[in-house]
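Values quoted throughout were computed directly from the atomic coordinates according to the rules given, and no laboratory measurement underlies them. Computed from a prediction, not measured in an experiment: that's the story for all the values here. Cβ: placed from backbone, ideal geometry, glycine included. Neighbour counts: every protein chain shown.
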């Protein structure tokens with residue numbers, strides 16, 4: 001080991017199973033203070049993740065690793081290099097910096113608290129453990145975990161690790177809680193992969209009063225269809241009902257942080273990293289749009305769904321939709337031509353639903369139209385029907401594909417990114433629920449015309 005003033009603080013070596021085979025001080029002491037042994041499984045979570053990623057991807061990786069040894073917070077710059085020899089393989093670990101600091105108060109530990117709160121919200125199983133990690137209570141509504149709950153209740157007061165499989169961990173159980181926190185789990189009867197979170201209770205010794213156990217799945221559970229719903233309907237309802245409120249907050253936080261980085265509000269940043277942040281924010285916005293679509297899908301396909309029709313000025317709704325998307329169109333060099341303010345078109349429909357449909361139609365036109373083109377929105381009225389036509393100069397849609405784009409998860413006939421394939425399906429369902437319809441007329445190479453019709457009501 002070298003002194004802190006030198007370029008190398010400590011070295012270590014791991015094997016093909018990501019076990020810490022040997023380590024210099026102070027890493028060796030940190031390994032033991034975190035509940036591990038030497039040699040033994042890596043007890044420092046961030047180091048364990050970094051080593052696993054470097055080995056599986058066969059990449060040289062370097063980054064800051066943070067840990068808490070029970071007394072002090074450790075911040076170290078770690079470099080991990082995979083190696084493959086004739087008789088053994090693994091990773092070599094080098095530590096270039098090692099800083100210690102006094103622990104902050106729990107209220108100040110925002111990052112850890114946020115992570116715990118998110119995992120708590122995402123978890124599909126919550127259990128209370130004693131100080132020896134034996135299950136005291138368990139609660140879940142997940143269908144694929146009912147077998148696990150039954151096994152726990154049939155054989156109570158046993159360590160939770162007796163009821164699950166821990167891939168890659170072949171040591172006597174239960175391990176120190178730090179080794180098990182964020183461990184991957186396989187559960188008999190569940191096709192999903194799970195991550196375990198152990199939240200210690202009590203102090204000054206963490207876990208002295210037990211633990212909270214969360215099991216977080218790698219994907220949402222798809223419930224088998226019941227007598228009243230098709231399988232697709234159940235999947236969508238499950239996603240809309242359970243994932244929408246859970247995912248919105250963390251995704252919104254990701255977008256906000258990415259925008260802060262992109263706009264360089266947090267300080268100077270190289271342009272390429274600002275571009276990366278912009279991509280992250282855009283991807284987050286796409287996810288939020290998908291969540292909104294799934295939530296809407298659940299609503300419109302629910303038994304007894306109806307709208308709240310009222311007398312509206314369709315021309316005014318069109319102008320509002322065009323105004324909302326005006327900046328987006330300008331950024332792409334597209335001109336939106338909306339009806340003049342002296343134009344009026346009475347109709348009957350639910351204002352926010354009509355606006356939602358028009359935003360979808362105009363947004364699609366912007367997405368698929370070339371730069372420098374125009375999008376015209378025309379109004380029409382014929383007897384008892386009022387209509388708004390969104391006319392773009394995009395690539396057009398052939399006859400065969402025109403019906404397909406109104407189906408769920410279909411985006412046929414329109415190249416480019418974006419969209420969940422639900423927008424037009426939802427829009428047509430909304431239009432018909434309001435007593436109108438949504439149709440398309442197009443020829444390849446000649447753009448497309450989407451027409452929203454609504455009843456006029458007693459003024460016909």
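Tabulated values for the structure
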| read-out | value |
| --- | --- |
| Theoretical gain in end-to-end length, residue 208 to residue 342 [0.36 nm per residue, Cα-Cα removed] | 40.9 nm |
| Backbone N within the stretch 364-405 under 14 Å of label point (7 Å from residue 443 Cα along the Cβ vector) | 396-399 |
| For 163, 425, 83, order by how many other beta-carbon atoms lie within 10 Å, fewest first | 83, 163, 425 |
| For the stretch 10-103: relative contact order, % (alpha-carbon pairs under 8 angstrom, 6 or more apart) | 28 |
| Alpha-carbon spread of the stretch 343-412, three principal axes, descending order, Å | 33, 31, 23 |
| Packing-based exposure ordering (other Cβ within 10 Å, fewest first) of 399, 53 | 399, 53 |
| Extension gain, residue 328 back to residue 303 (0.36 nm per residue minus Cα-Cα distance, nm) | 5.4 nm |
| FRET efficiency for residue 313 and residue 84, using Cβ-Cβ distance with R0 set to 60 Å, rounded to 0.05 | 0.25 |
| Kirkwood Rh, angstrom, the stretch 310-459 [1 / mean 1/r, Cα pairs] | 15.3 |
| For 14, 260, 140, order by how many other beta-carbon atoms lie within 10 Å, fewest first | 260, 140, 14 |
| Label-point gap, in nm, between residue 165 and residue 57 - each point 7 angstrom along Cα→Cβ | 2.8 |
| Size of the stretch 1-88 as Cα extents on the principal axes (Å, biggest first) | 39, 28, 20 |
